[in-house]
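Visitor: Pasting in a structure now, in structure tokens, and then I'll have a few things to ask.
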Amino acid sequence: MFHGMNYVMEVYKEQSFSKAAQNLYISQPALSAAIKKIEKKIGAPLFDRSTSPIQLTECGKEYIRTTEKILDLEDEFAYHVGKLHELKAGHLSLGGTYFFASFIFPPFIEQFRQKYPHVNLNFYEGSTPELEQKLFNGELDIVIDNYALDPQIYHRKKCFQENLLLAVPASFASNQRAASYQLAFTDVEKNLHRNPRFPGVPLKKFKDDPFVVLRSHNDTRERIDAICRKAGIQPNYILKLNQAMTTYRLSQFGMGISIVSDTLIKHLHTDPSVIYYKIDAPEAQRNVYLYHKKNAYLTRAMQEFIRIVAPDD
């Protein structure tokens, strides 16, 4: 019944159907018909047509009061949308695994906050299954992960590539058998291992050494198992843990060999107690993606965060 309320407002302002019709650029009969249609829906007249100039009925006065409230709400909504468009308001919910939460997200979040301080940021750190569930449910807008989520459900954009490396305690005697394959921390920083001419180490050189790995149902663990199968070795997994950083720390203390990403190594301090080796296998390379749900509305805040993390070339 408020469809066409602009017609009623114009007649109310002009107190004349003919003047209102001129202002609205329609014929007077068309305007009269439109208002009669509204009155029919309401079940009562809005104007007393017996007076000159025409006046509002009691029902008409209430209609105008309600219309003014609607117009105020429309103005308020337009103002809010304008603020959202300019990112002077709004919210953004982000999620990442514990490692990405610690090392990858912080500079991006700081850059976003500096540019858009009025956007409310929420952050959740958890396991990949937890993150995917929250992304699917709409609790998170964006997730960054190195796990391949269903492309039928999620849109993804590449952030960067990372490589898995062997991290061997320097105290292990097996390092002597692999001296020509060794990488120092500075070599990893310079991405020497990404040079196709640099050789990958034969994993059989370490087949008798203890390994510390992640638990099952994890992308890194699945890749480690595949790499070892192809290399024809069955490593001695002495410990199975939840966090890649923990496996790496145990390698630093000489507990066992870990297989960790060069992303992790680059974000931690150099440590002469660990020697690195390139793994020559397709499973040792993976991409880190920024994910958002395909059928979810892509807000301006989401668009701007995506531009910061993964700008178009």
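Visitor: If you stretched the chain out fully between Ser27 and Arg215, how much longer would it get, using 0.36 nm times the residue separation minus the C-alpha to C-alpha distance?
Guide: Between Ser27 and Arg215, full extension yields an extra 60.1 nm.
Visitor: Using a 7 Å offset from Cα along Cα-Cβ at Asp312, what residues in segment 157-174 end up with backbone N under 13 Å from the label point?
Guide: none
Visitor: Treating the angle as unsigned and between 0 and 90°, give the value, to the nearest 10°, between the Cα long axis of helix 28-42 and the longest Cα principal axis of the chain.
Guide: Between the helix axis and the principal axis of the chain, the angle is about 70 degrees.
Visitor: Which residues' amide hydrogens lie under 5 Å from the amide hydrogen of Leu165, considering only partners 5 or more residues apart or on another chain, with H built in the peptide plane?
Guide: Under 5 Å from the amide H of Leu165: Val260, Ser261, Asp262.
Visitor: Express the carbon and sulfur contribution to the solvent-accessible surface of segment 1-67 as a percent, rounded to the nearest whole number, probe 1.4 angstrom.
Guide: 53 percent
Visitor: Here's a follow-up. Quick one: Karplus J couplings for segment 106-123, per residue in order, coefficients 6.51, -1.76, 1.60, θ = phi - 60°, nearest Hz, x for Gly and Pro?
Guide: Karplus-based 3J(HN,Hα) across segment 106-123 equals x, x, 5, 5, 5, 5, 5, 5, 4, 7, 10, x, 8, 7, 7, 9, 10, 9 Hz.
Visitor: At R0 = 25 Å, how high is the FRET efficiency between Glu76 and Met9 if r is their beta carbon distance? Nearest 0.05 is fine.
Guide: So the FRET efficiency works out to roughly 0.90.
Visitor: Per q in 0.15, 0.18, 0.29 Å⁻¹, report the Debye log10 I(q)/I(0) for segment 96-157, using one uniform scatterer on each alpha carbon and no solvent.
Guide: -0.49, -0.69, -1.31
Visitor: State in Å² the accessible area per residue of the chain; use a 1.4 Å probe, count heavy atoms of protein chains only, and round to the nearest integer.
Guide: Ligands and nucleic acids excluded, the result is 55 Å² per residue.
Visitor: Also, I was wondering about something else. Please work out how much length the chain gains when fully extended from Tyr98 to Tyr297, using 0.36 nm per residue of separation minus the C-alpha to C-alpha distance, in nm with one decimal.
Guide: Fully extending the segment from Tyr98 to Tyr297 adds 69.0 nm.
Visitor: Which one, Thr186, Ala281, Val11, is farthest towards the positive end of the dipole of the chain when Lys and Arg carry +1 and Asp and Glu -1 on their Cβ?
Guide: Positive-most Cα among the choices belongs to Ala281.
Visitor: For the chain, modelled as a Gaussian network with Cα springs under 10 Å, which listed residue fluctuates most, Ile38, Ile227, Ile153?
Guide: Ile38
Visitor: Let's see if you can work this out: charge +1 on each Lys and Arg Cβ, -1 on each Asp and Glu Cβ, no other charges. What is the dipole magnitude of segment 264-313 about its Cα centre, in debye to the nearest 20? Walk me through the numbers before you get to the answer.
Guide: Details: 7 positive and 6 negative charges, 55 e Å.
Charge dipole of segment 264-313: 260 debye, to the nearest 20.
Visitor: Under the Karplus relation 6.51 cos²θ - 1.76 cosθ + 1.60, θ = phi - 60°, what is the ordered set of whole-Hz ³J(HN,Hα) values for segment 222-232, x standing for Gly and Pro?
Guide: 4, 5, 4, 4, 5, 4, 5, 4, 5, 7, x
Visitor: Here is a further query. Alpha carbons only, please: Rg and Dmax for the chain, in angstrom.
Guide: Just the Cα atoms of the chain yield Rg and Dmax of 32.5, 107 Å.
Visitor: Report, in debye and to the nearest 20, how large the dipole of the chain comes out about its Cα centre when Lys and Arg carry +1 and Asp and Glu carry -1 on their Cβ.
Guide: 700 debye
Visitor: At 25 °C and a viscosity of 0.890 mPa s, what translational diffusion coefficient does Stokes-Einstein give for segment 147-301, taking Rh as the Kirkwood radius over Cα pairs? Give it in µm²/s as a whole number.
Guide: 150 µm²/s
Visitor: Using the basic label-point model (7 angstrom from Cα toward the beta carbon), what is the Ser50 to Ala226 distance in nanometres?
Guide: Roughly 8.6 nm, to one decimal.
Visitor: Taking the Cβ-Cβ separation of Asp208 and Asn122 as r and a Förster radius of 35 Å, what is the calculated FRET efficiency to the nearest 0.05?
Guide: Once the sixth-power term is evaluated, E becomes 0.15.
Visitor: With only alpha-carbon atoms counted, please give the Rg and Dmax of segment 1-142, in Å.
Guide: Answer for segment 1-142, Rg first and Dmax second: 25.9, 77 Å.
Visitor: Among rounded, prolate and oblate, which fits segment 254-313 when a ≥ b ≥ c are the square roots of the eigenvalues of its C-alpha gyration tensor, a/c under 1.5 means rounded, and a/b larger than b/c means prolate? It would help to have the intermediate numbers written out before the result.
Guide: Values: a/c = 3.23, a/b = 2.40, b/c = 1.34.
Judged from the Cα gyration tensor, segment 254-313 comes out prolate (a/c at least 1.5, a/b above b/c).
Visitor: On a 26 Å Cα-Cα criterion, which of the cross-link pairs Lys134/Lys294; Lys157/Lys207; Lys205/Lys240; Lys36/Lys69 come out too long? Walk me through the numbers before you get to the answer.
Guide: On the way: Lys134/Lys294 14 Å; Lys157/Lys207 37 Å; Lys205/Lys240 22 Å; Lys36/Lys69 22 Å.
In this structure, Lys157/Lys207 lie more than 26 Å apart at Cα.
Visitor: Checking the a/c ratio against 1.5 first, then a/b against b/c, what shape does the Cα gyration tensor give for segment 1-63? Intermediate values should be presented prior to the final figure.
Guide: Details: a/c = 1.68, a/b = 1.19, b/c = 1.41.
Oblate shape, in that a/c is at least 1.5 and b/c is the bigger or equal ratio.
Visitor: Moving on. If you place +1 on the Cβ of every Lys and Arg and -1 on the Cβ of every Asp and Glu, how big does the dipole about the Cα centre of segment 32-173 come out, in debye to the nearest 20?
Guide: It works out to roughly 560 debye.
Visitor: Between segment 44-70 and segment 150-197, what is the separation of their alpha carbon centroids in Å?
Guide: The distance from the Cα centre of segment 44-70 to that of segment 150-197 comes to 77 Å.
The values are calculated or read from the model by the stated rules, or taken from the named source; none is laboratory data. It should be emphasised that the depicted structure is a prediction, and the values quoted were computed from it without experimental measurement. Heads up, the Cβs are rebuilt from the backbone with ideal geometry, glycines too, and the neighbour counts pull from every protein chain shown. Heavy atoms of the whole protein, side chains included, go into the accessibility calculation; ligands, DNA and RNA do not. Shrake-Rupley method; radii C 1.70, N 1.55, O 1.52, S 1.80 Å.
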